[in-house]
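Read-outs: derived from the displayed coordinates by stated rules, not from any lab. The structure displayed is predicted, hence computed values, not measured ones. Here the Cβ is made from the backbone with ideal geometry for all residues, glycine too, and neighbour counts use every protein chain on show.
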């Protein structure tokens, strides 16, 4: 599985280590996972934790940081 990178080079996600959102309660709800190893190339791959073989989208590190800050501020 690969996802587009911002460098124009596809990311190889075949050995990615995915981290489940800390907001995931393990209750089968809406959960996302992200692969932090790609921060160094400026990309954050994100996927649905219930569909690990499904599509992956990639956002920039600043966009991800803004998203996380917005969620935290909403608490």
Test of understanding: ordering 39, 44 by Cβ neighbours within 10 Å, fewest first, what list do you get? 39, 44
What ranking of 73, 48 emerges when the number of other C-beta atoms within 10 Å of each C-beta is taken as an exposure proxy, fewest first? 73, 48
